[in-house]
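Working notes for the structure below.
Just so you know, all these numbers are worked out from the coordinates, no wet-lab data involved. For clarity, every value in this text was computed on a predicted model and none was experimentally measured. Using ideal geometry, Cβ is built from the backbone for each residue, glycine included, and neighbour counts are taken over all protein chains shown.
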Amino acid sequence: MRFSSIGSGSEGNGTLIAYGDTLLLLDCGFSAKETVRRLREKGIEPEQLTAILVTHEHADHIKGVSVMSSRYNIPVYLTWGTFCCKPLQQRPLVESLVTIITPHDIFVVGSIEVQPVPVPHDAREPTQFVFSASQWRIGVLTDVGSITSHITNVYKDCDALLLECNHDLELLMNGPYPQSLKRRVAGDFGHLNNQQSAQLLKSIYSERLQQLVITHVSQKNNALDRVKDALVGAVGCCSDWIQIADQKTGIEWQVLTRKERIIEEVSL
Ligand SMILES: [Zn+2]
Ligand SMILES: [Zn+2]
């Protein structure tokens, strides 16, 4: 199983999850043209995509979905609440390409099993996802205002975790955003700050976690050394182990390797 990001942050998001012939794009927050350019940077042609999954209707997750889906005939999976949002009313999806998902029901796309996770965020019916194939589990968690016990339970036992570390609370509060936006971002339906992400990581951390990738980092209200300090402080990991998916290029393909798992299994 492997994954990559074509970009992560408030200006656009897209995560690639692949296993066998199945290739999923999670969110499409760039224009179609820009999405294709970024996919090609990762060695992918849009025709290769099995499906696009959408977490919620904010522009940084949905901008290119309708055009990409109709132009390249790509199925789209999303909740009813997301499907009914204004941007998708204005630029509708092709109905025959839409599958409405239930945030509590696992579904399968090709050879990948997908577990949606309902999350507190200021959208209509936002979900995040855990992807499974063979023995592997990849968790993706962004755009979350507060950690629920359900989130903590579902994201245990991941081999790879792509985790939002949106802002540093002190930098946000002293930063350039207007008060109303500061309240929104820091609120229970906004985004995770470094300390919240560190707390979550501590509660789900296990030997099984091979790869940790920080995502959706605010360019105005955070600093990478603060992110790393918070995470290293929480779980005592090596700071070099923590990877970043940034706004400009995301992250290169990461492969979950059998070798490390075999070593783990032998040591059990
Ligand atoms: Zn977002
Ligand atoms: Zn959002």
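Conditions first: (1) part of a helix (DSSP H, G or I); (2) buried (at least 21 other Cβ atoms within 10 Å of the Cβ); (3) away from ligand 2 (no atom under 16 Å from the Cβ). Leu172 passes all but one, so which condition is the exception? All conditions are met except number (3).
Only residues that are surrounded by fewer than 23 Cβ atoms within 10 Å (Cβ to Cβ) and in contact with a strand residue (DSSP E or B) (Cβ under 8 Å, 6 or more places away or on another chain) were counted in region 50-67, giving 2.
Filter region 83-126 down to the residues that are in contact (Cβ under 8 Å) with a residue 60 or more places away in the chain and under 19 Å from the mean Cα position of the chain (by Cα) and list them by number. The answer is Val109, Ile112, Val114, Pro120, His121, Asp122, Ala123, Arg124, Glu125, Pro126.
Region 1-65 holds strands (runs of 3 or more DSSP E) entirely within its bounds, and those carrying 1 or more residues that are charged (D, E, K, R) map to 2-7. Return the pairs, sorted by first residue and then second, in which the second residue is aliphatic (A, V, I, L, M) and assigned to a loop (DSSP other than H, G, I, E, B), the first residue lies in region 42-56 and is touching a residue at least 12 places away in the same chain (Cβ under 8 Å) and within 16 Å of ligand 1 (Cβ to nearest atom), the beta carbons are less than 7 Å apart, and the residues are 6+ apart or on different chains. Final answer for the pair search is Ile52/Ile74; His56/Ala123.
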